[in-house]
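To start, the structure under review is shown below, and the notes come after it.
The values are calculated or read from the model by the stated rules, or taken from the named source; none is laboratory data. All of these numbers come straight from a predicted model, not from anything done at the bench. Here Cβ is always computed from backbone atoms with ideal geometry, including for glycine, and neighbour counts include all displayed protein chains. Protein only, heavy atoms only, side chains kept; ligands, DNA and RNA dropped before computing areas. Shrake-Rupley method; radii C 1.70, N 1.55, O 1.52, S 1.80 Å.
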Amino acid sequence: MSTVLTPPDEAIDAEVARAVETGRTLDARGLAFQGALLLALLAALAVLVWLLYSVVDGAIPVFQDRSVGDFLSGKLSGSPSRFGVSQGIRGSIGILVFVGIIAFPLGVAAAVYLEEYATDNLFSRTVNVLVRNLAGVPAVVYGLLGLFVFKGLLGDLTGGSSLMSAGLTMAILVLPVVVITAAEAIRAVPQPLREAGYGLGATQWEVIRTQVLPYAAPGILTGTVLSFARALGEAAPLLIIGTATGLLTSSGGSVLDQLQGNYTALPMLVYVATKRPAEEWLSLASASALVLLVVLLVANSAAILARNHFEKRRS
Amino acid sequence: MTTTDRAPEVTLADLAGDRRRRATERRMRWVFLVAASSAIVITVAIIATVVVEAGRFLADVELSSLFADGWFPREGKFGLPTIFVGTLWITAIAICVAGPIGLASAVYLSEYARPGVRRVLKPALEILAGIPSVIVGFFTLNFISPELVQRIFTSAERGSLLAAGVGVGVLIIPLVASISEDALSSVPDSLREASTGLGARKVTTTLRVVVPAALSGIVAAFIVAVSRAIGETLVVTLAGGAAGGAAFEADPARAGLTMTAAMANLASGSDQVTGVGNAVQSLYLVGFLLFLMTFGLNLIADRFVRRFRQEY
């Protein structure tokens, strides 16, 4: 099936005729068109610059009035002078641990199956379609899944609105992203590499373990970081599952206690501070947003460094 | 040359290889298969959750309350038209913002930008794509709304559907741009060359040859963008202006509630829900509708993308 592309003969003929007739080669309309396109792109980037400037500019008062360390080590609080992000950083790291332990291995394994083992049958086609569609399911809907399954059905194990519920939900949320990017990376592995492995007598799993995965590692890593960034910045499912918003007493105790305990995360701190009407919270929201952006920047830079390292080893 | 009188004793078992290796092989195959099935399990779990719980809610509630003239779950008014219209406004405004800007950016990057320029501008768009939506929501409420939207539309409230729609639009510009650009740059160069060979100007080639050829990919980009705008939560919760409930409101310059914002408000106050016992259950009904809409749109977009891939 193909769309019929009728060559715009008359339009082109008219253009050529006009150019011949007037002898003008300057295409004013073309230049205007190109200018308009560039303007649109620059408008989008101007918004980005405006956003980054506003966040930094808004955060400065906080860091001037209080030291940076004071804000970073401060806790969730109803009082603007004591509000800080330490618990948010801890919560976000905790969520990332869940993503790393669950979504990363599961996603890569699913991608290996889809790319290396699956034949074109109903099962693999279904999984392919579902993965792509799951990636487009709104984050709030994942929140409902977490609310019902992790907070409701498994509430005794997870402790309800806990770090564990949030981490598990977020791991499920980013799983499709990991699968899609890992599958792309694995698809890009040259076929001769596999054939050489089989030729030497390796089994399929041995080829995957020693040839395919190491070669695909940089690409898989990039995808993992994308998913980590998504998990770091996403607040919608946390909003549904519930987090601490007013006061959060740091729970000591065993690791399990902490996993089952109440929590907050960096994007939730931005949300909480933005929701408060008083003027002084505006700068606290900016400062929290800035911390979140810096964490994302660090994660991305680390990924680029790691990818370069792997790529160097590959060649 | 002497013939060997003894054939080497090779049995089938020797050729099959080490038994332990074969066992590992089978085991790993299963491990990968199970991992791949997780996509099915998750999809089934999501559908089961929203369908079962939405059903329980519908069994409890009077159907007339679903068409009340407002969304006040704590008073037992679950006016679906209210939040549906909110979502519609947000989506329409967001597409009006992101559609032209995103598409124009894509055309520029794919057809006009020199490689050096492209290397700078494309990652910049990707940075915009990576800004968490909660930060865009904060930015929309505190900056886009007072300094842009309220200056152009003086009647607009600080937190309004209009402002939130513009914020969502900013959020999905990179999405429209990147999918459209993929579609545009996979149009074969032979089409461009043929058009140029006939004497067409660059602008004619772009508008009458390249863009039509990439149309199914561009349509897919817009459908994905609509789906994303429908499901966007943080920007509309923060900048939409409504807290808790909202009366039916057809004017986008006023505060309003979308499906996602209604869910977020309901859940974040769920500990204090009093009065009507099933208020929180309504989350699942809204979630079910949201899931249906986005899943349907994504399936359609998928078809467009596949059609496009088949052509080139």
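At a glance:
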quantity: Residue in the range A:105-134 that is farthest from B:THR43 (Cα to Cα), counting only those that are of a type in the set (A, V, I, L, M) and surrounded by fewer than 17 Cβ atoms within 10 Å (Cβ to Cβ); calculated: A:LEU122
quantity: Which numbered condition B:THR196 misses (of (1) touching a Lys or Arg at 6+ places or on another chain (Cβ under 7 Å); (2) more than 27 Å from B:PHE291 (Cα to Cα)); calculated: (1)
quantity: Residues satisfying the stated conditions in the range B:139-181, i.e. open to solvent by less than 20 Å² (accessible area, probe 1.4 Å) and not in a helix (DSSP H, G or I); calculated: B:ALA156, B:GLY159, B:SER160
quantity: Pairs, first within 18 Å of A:ALA118 (Cα to Cα) in the range A:187-198, second open to solvent by 50 Å² or more (accessible area, probe 1.4 Å), C-beta under 7 Å, six or more apart; calculated: A:ARG187/A:GLU115; A:VAL189/A:TYR215; A:ARG194/A:GLN211
quantity: B:LEU125 within 11 Å of chain A (Cβ to nearest Cβ), modelled with pLDDT under 90, open to solvent by less than 30 Å² (accessible area, probe 1.4 Å) and on the phi < 0 side of the Ramachandran plot; calculated: yes
quantity: Residues of the range B:151-165 that turn out to be among the basic types (Lys, Arg) and under 17 Å from B:VAL235 (Cα atoms), as a count; calculated: 1
quantity: Pair list, Cβ < 6 Å and 6+ apart or interchain, from the range B:186-205 residues that are in contact (Cβ under 8 Å) with a residue 60 or more places away in the chain to residues that are aliphatic (A, V, I, L, M) and in a helix (DSSP H, G or I); calculated: B:VAL187/B:VAL210; B:VAL187/B:ALA213
quantity: Residue count, the range B:161-192 (criterion: closer than 10 Å to B:THR140 by Cβ and away from chain A (no Cβ under 11 Å)); calculated: 4
quantity: Residue identified as open to solvent by less than 10 Å² (accessible area, probe 1.4 Å) and part of a helix (DSSP H, G or I) among A:GLY152, A:GLY167; calculated: A:GLY167
quantity: Answer from A:THR119, A:THR181, A:THR126, A:THR158 - the residue that is of a type outside the set (A, V, I, L, M, F, W, C) and within 11 Å of chain B (Cβ to nearest Cβ); calculated: A:THR126
quantity: Some residue of the range B:188-201 being in a helix (DSSP H, G or I), hydroxyl-bearing (Ser, Thr, Tyr) and crowded, with 18+ Cβ neighbours inside 10 Å; calculated: yes
quantity: Condition broken by B:ARG228, with the remaining ones in (1) open to solvent by 30 Å² or more (accessible area, probe 1.4 Å); (2) within 10 Å of chain A (Cβ to nearest Cβ); (3) part of a loop (DSSP other than H, G, I, E, B) satisfied; calculated: (3)
quantity: Selected residue (only one of A:LEU221, A:LEU226, A:LEU282, A:LEU259 is of a type outside the set (S, T, N, Q), over 25 Å from the mean Cα position of the chain (by Cα) and modelled with pLDDT under 90); calculated: A:LEU282
quantity: Given (1) more than 27 Å from the chain's Cα centre (by Cα); (2) within 30 Å of B:ARG20 (Cα to Cα); (3) part of a helix (DSSP H, G or I), index of the condition A:LEU157 fails; calculated: (2)
quantity: Residue ID - farthest from the other protein chains (Cβ to nearest Cβ), chosen from residues in the range B:27-59 that are more than 20 Å from A:ALA110 (Cβ to Cβ), open to solvent by 50 Å² or more (accessible area, probe 1.4 Å) and β-branched (Val, Ile, Thr); calculated: B:VAL51
quantity: Members of the range B:42-83 that are more than 30 Å from A:ILE102 (Cβ to Cβ), in contact (Cβ under 8 Å) with a residue 40 or more places away in the chain and polar (S, T, N, Q); calculated: B:THR82
quantity: Residues of the range A:52-104 satisfying the condition of being surrounded by fewer than 22 Cβ atoms within 10 Å (Cβ to Cβ), part of a loop (DSSP other than H, G, I, E, B) and free of Cβ contacts under 8 Å to residues at least 60 places away in the same chain; calculated: A:ARG66, A:SER67, A:GLY74, A:SER79, A:SER81, A:ARG82
quantity: Total residues in the range B:77-89, condition more than 14 Å from chain A (Cβ to nearest Cβ) and open to solvent by less than 20 Å² (accessible area, probe 1.4 Å); calculated: 4
quantity: Checklist (1) closer than 23 Å to B:ASN298 by Cα; (2) within 11 Å of chain A (Cβ to nearest Cβ); (3) modelled with pLDDT of 90 or more applied to B:THR237, failing item; calculated: (1)
quantity: Pair list, Cβ under 6 Å, 6 or more apart: the range B:7-21 residue modelled with pLDDT of 75 or more, other residue not in a helix (DSSP H, G or I); calculated: B:ARG21/A:THR203
quantity: Among residues of the range B:111-162, those that are of a type in the set (Lys, Arg) and within 22 Å of A:LEU284 (Cα to Cα), counted; calculated: 1
quantity: Among the candidates A:TYR215, A:TYR271, A:TYR198, residue that is hydroxyl-bearing (Ser, Thr, Tyr) and within 22 Å of B:ALA264 (Cα to Cα); calculated: A:TYR271
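Here's the yes/no breakdown for (1) hydroxyl-bearing (Ser, Thr, Tyr); (2) assigned to a helix (DSSP H, G or I); (3) surrounded by 21 or more Cβ atoms within 10 Å (Cβ to Cβ); (4) at pLDDT 85 or above:
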| position | (1), (2), (3), (4) |
| --- | --- |
| B:ALA243 | no, no, no, no |
| B:ALA267 | no, yes, yes, no |
| B:ALA279 | no, no, yes, no |
| B:TYR284 | yes, yes, yes, yes |
| B:LEU289 | no, yes, no, yes |
| B:GLY296 | no, yes, no, yes |
| B:ALA301 | no, yes, yes, yes |
| B:PHE308 | no, yes, yes, no |
